[in-house]
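Novice: Sharing a structure, written as structure tokens. Questions coming.
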Amino acid sequence: MRIGIDFDNTLIDYDGVFVAAARERGLIGTQAAGSKRAVRDAIRLLPDGELTWQRLQGYVYGAGIGGAVPFAGAGDFLRHCAERGVELFIVSHKTRYGHFDPARIDLREAARQWLIVRRMMAPEEGGIAADHVFFEDDRAGKLARIAALGCTHFIDDLEEVFADPGFPPGVRRVLFAAIGAACCDVQCKDWQQIRAAIFGNAG
């Protein structure tokens, strides 16, 4: 068993950072709360909303990443795999720099530092080995990497990744989302369900 995991919005939860950053910039009301999706939808209704949203993303994925947290249960899943000798990989579509980030922060290095700080890239503690973390320039590169690594399972929050004709055949598609999709083998709303889907309730 070789399990691949997406990074953004699968392993790392940015919701709180997006809400806080949008409030600080006056893009949403101080009482507003919710998810990244809710913040995005609200900002896109503003004048120049799409550009404003992309700039906010550039901040959150770079300078603001320190405020993000792992999804509940993600760390336990990594340790569960380590205890059973299951190989884990992070494979993510992530450009090196944000298109609208004047600070030009290296997004890949920011992500690696987040993994280190959160002890998720510490194999001795059940984390993922540094040389098992891959950031690709585009989705095609991501799919090619999944195939090259020989992943038996892949976990992602985006159904379009699994629906892509280039997604390698034979890899079990685990969608991390509240609502399922026909393109996927199994849909899970949280990491506890992901663990059960891959290892069984007793695994």
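The values are calculated or read from the model by the stated rules, or taken from the named source; none is laboratory data. Since the model is a prediction, treat every value here as computed from it, not as a measurement. Cβ sites come from the backbone with ideal geometry, for glycine too, and all protein chains shown count toward neighbours.
Novice: Identify the residue in region 176-185 that is surrounded by 16 or more Cβ atoms within 10 Å (Cβ to Cβ) and not aromatic (F, W, Y) and, among all such residues, is modelled with the highest pLDDT.
Specialist: A177
Novice: When you look at G26, is it surrounded by fewer than 20 Cβ atoms within 10 Å (Cβ to Cβ), out of contact with any Asp or Glu (no Cβ under 9 Å at 6 or more places or on another chain), without any contact (Cβ under 8 Å) to a residue 60 or more places away in the chain and not aromatic (F, W, Y), yes or no?
Specialist: Yes.
Novice: Another question, then. Looking at E87, E125, E83, E136 in this structure, which one is over 25 Å from G58 (Cα atoms), of a type in the set (D, E) and touching a strand residue (DSSP E or B) at 6+ places or on another chain (Cβ under 9 Å)?
Specialist: E87
Novice: I've got another one for you. Within the set of pairs 6 or more residues apart or between chains, which connect a residue that is free of Cβ contacts under 8 Å to residues at least 60 places away in the same chain inside region 163-179 to a residue that is surrounded by 16 or more Cβ atoms within 10 Å (Cβ to Cβ) and of a type in the set (S, T, N, Q) with Cβ atoms less than 9 Å apart?
Specialist: Between residues of region 163-179 that are free of Cβ contacts under 8 Å to residues at least 60 places away in the same chain and residues that are surrounded by 16 or more Cβ atoms within 10 Å (Cβ to Cβ) and of a type in the set (S, T, N, Q), the close pairs are V174/Q187; L175/Q187; A177/Q187; A178/Q187; I179/Q187.
Novice: Still on this structure, please answer the following. If the requirement is being modelled with pLDDT of 90 or more and either touching a Cys at 6+ places or on another chain (Cβ under 6 Å) or buried (at least 19 other Cβ atoms within 10 Å of the Cβ) (or both), which of these qualifies: V39, V86?
Specialist: V39
Novice: Continuing with this model, one more query. Please pick out the residue among D164, D185 that is closer than 15 Å to D6 by Cβ and of a type outside the set (A, V, I, L, M, F, W, C).
Specialist: Exactly one of D164, D185 is closer than 15 Å to D6 by Cβ and of a type outside the set (A, V, I, L, M, F, W, C), namely D164.
Novice: Being touching a helix residue (DSSP H, G or I) at 6+ places or on another chain (Cβ under 6 Å) and assigned to a loop (DSSP other than H, G, I, E, B), is that true of even one residue in region 49-63?
Specialist: Checked region 49-63: at least one residue is touching a helix residue (DSSP H, G or I) at 6+ places or on another chain (Cβ under 6 Å) and assigned to a loop (DSSP other than H, G, I, E, B).
Novice: Looking at region 86-111 only, could you name the residues that are in a helix (DSSP H, G or I), in contact with a Lys or Arg (Cβ under 9 Å, 6 or more places away or on another chain) and either of a type outside the set (D, E) or in contact (Cβ under 8 Å) with a residue 60 or more places away in the chain (or both)?
Specialist: If the condition is that a residue be in a helix (DSSP H, G or I), in contact with a Lys or Arg (Cβ under 9 Å, 6 or more places away or on another chain) and either of a type outside the set (D, E) or in contact (Cβ under 8 Å) with a residue 60 or more places away in the chain (or both), then L107, R108, A111 are the ones that fit.
Novice: State whether one or more residues within region 66-81 are within 18 Å of the chain's Cα centre (by Cα), in a loop (DSSP other than H, G, I, E, B) and over 24 Å from I146 (Cβ atoms).
Specialist: For region 66-81, residues within 18 Å of the chain's Cα centre (by Cα), in a loop (DSSP other than H, G, I, E, B) and over 24 Å from I146 (Cβ atoms): present.
Novice: Yes or no: G16 in contact (Cβ under 8 Å) with a residue 12 or more places away in the chain, surrounded by fewer than 21 Cβ atoms within 10 Å (Cβ to Cβ) and of a type outside the set (D, E, K, R)?
Specialist: yes
Novice: When region 121-175 is examined, which residues are found to be touching a helix residue (DSSP H, G or I) at 6+ places or on another chain (Cβ under 8 Å), buried (at least 16 other Cβ atoms within 10 Å of the Cβ) and in a helix (DSSP H, G or I)?
Specialist: K142, L143, V161
Novice: Determine whether region 134-155 contains at least one residue that is on the phi < 0 side of the Ramachandran plot, touching an Asp or Glu at 6+ places or on another chain (Cβ under 6 Å), of a type in the set (D, E) and modelled with pLDDT of 95 or more.
Specialist: Within region 134-155 (the criterion being on the phi < 0 side of the Ramachandran plot, touching an Asp or Glu at 6+ places or on another chain (Cβ under 6 Å), of a type in the set (D, E) and modelled with pLDDT of 95 or more), the answer is no, since none of the residues qualifies.
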